[in-house]
């Protein structure tokens, strides 16, 4: 709001100056109207100039300076070769405008090749500061996992929270629906947790784009302005931002990349929970929610079995593992009873007459 007030004040000052001085030789009201249009054009130029990077600005300034210097040298040639008059004045002005324009455009386009970090000083951190901006989406604030990531130290730099995102969070927190209200309050609590992380700098910006109504499109425009990245878990915002050349950090993609990796041929132990869509299929789930589709496991519902991984399918919605249960191999590994042979019967040993009996071989005689 302060910037808008300053811009309006500038336009009014330019209009009043033209009203008093009458620089165009018209009536005071017409001069004031022309002055207001000039002030509005300057404000529009300034508004568009804010979206230009520092590299482009420096390149444009250097190109304009070189163009004007070249135009001055051309003007000396024109002054000595063309007689004085309107033609000479027109050619001098035309050459100056042409060289300044060409220098401005070429310098701005080639400005990205400048290495400002090599200059040191105030330019040393320009690239790093621009690239370190990370803009939070409403969905990722309500999701809450961003706070856990930040507290582990994997997220650093300047976290930008736009004012229009805070307004959307406040509307959700003030909703009559209890579910939406709880989600909005959860998002505000997550922002407070982020503010307590020592390695982060939370910056609330007032930049808004009145011509853009949707919050997702405003986030994309803000990311272009700050040359930053959008942190979100919204699939549609992810795709639209990538189409417009804006980098996105998707929390869901990060979670999918951290899931356990299995390779075809490996064996894993799963609990068959329900029946699959295809014939004789069973479905299991890992601890992180990954679905495991097992062939030949329909009759093993409610049991824990060892399956062999056949393939892994990675999609934007998550990861799916396909496996197969070998019924014959499972039965072959079951314990088989082993028969133990009995001891052979004792063989009688002949004893000679008069020889002593071996111990324990005495017999009772009947009286």
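The values are calculated or read from the model by the stated rules, or taken from the named source; none is laboratory data. Predicted model, so just to flag it, every value in this text is computed and none were measured. Positions of Cβ are generated from backbone atoms using ideal geometry, with glycine treated the same way; all protein chains shown enter the neighbour counts.
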If you scan the stretch 201-241, which residues turn out to be farther than 23 Å from residue 252 by Cα and in contact with a strand residue (DSSP E or B) (Cβ under 8 Å, 6 or more places away or on another chain)? 201, 203, 204, 205, 207, 208, 226
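Here is a yes/no grid of residues against (1) surrounded by 14 or more Cβ atoms within 10 Å (Cβ to Cβ); (2) in the same structural domain as residue 145 (by TED's automatic domain parsing); (3) at pLDDT 90 or above:
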residue: 225; (1), (2), (3): yes, yes, no
residue: 244; (1), (2), (3): no, yes, no
residue: 282; (1), (2), (3): yes, no, yes
residue: 287; (1), (2), (3): no, no, no
residue: 290; (1), (2), (3): yes, no, no
residue: 305; (1), (2), (3): yes, no, yes
residue: 313; (1), (2), (3): no, no, no
Could you grab me the full set of residues in the stretch 122-152 that are at pLDDT 85 or above and loosely packed, with under 14 Cβ neighbours inside 10 Å? 148, 152
Pick out the one residue from 354, 318 that is modelled with pLDDT under 75 and surrounded by 13 or more Cβ atoms within 10 Å (Cβ to Cβ). 318
Any residue at all in the stretch 53-63 that is surrounded by 13 or more Cβ atoms within 10 Å (Cβ to Cβ) and either free of Cβ contacts under 8 Å to residues at least 24 places away in the same chain or over 30 Å from residue 222 (Cβ atoms) (or both)? no
Take the residues in the stretch 272-307 that are under 23 Å from residue 255 (Cα atoms) and in a strand (DSSP E or B); name whichever of them is nearest to the chain's Cα centre (by Cα). 291
Single residue of 70, 85 found to be without any contact (Cβ under 8 Å) to a residue 40 or more places away in the chain, in the same structural domain as residue 105 (by TED's automatic domain parsing) and at positive phi: 85
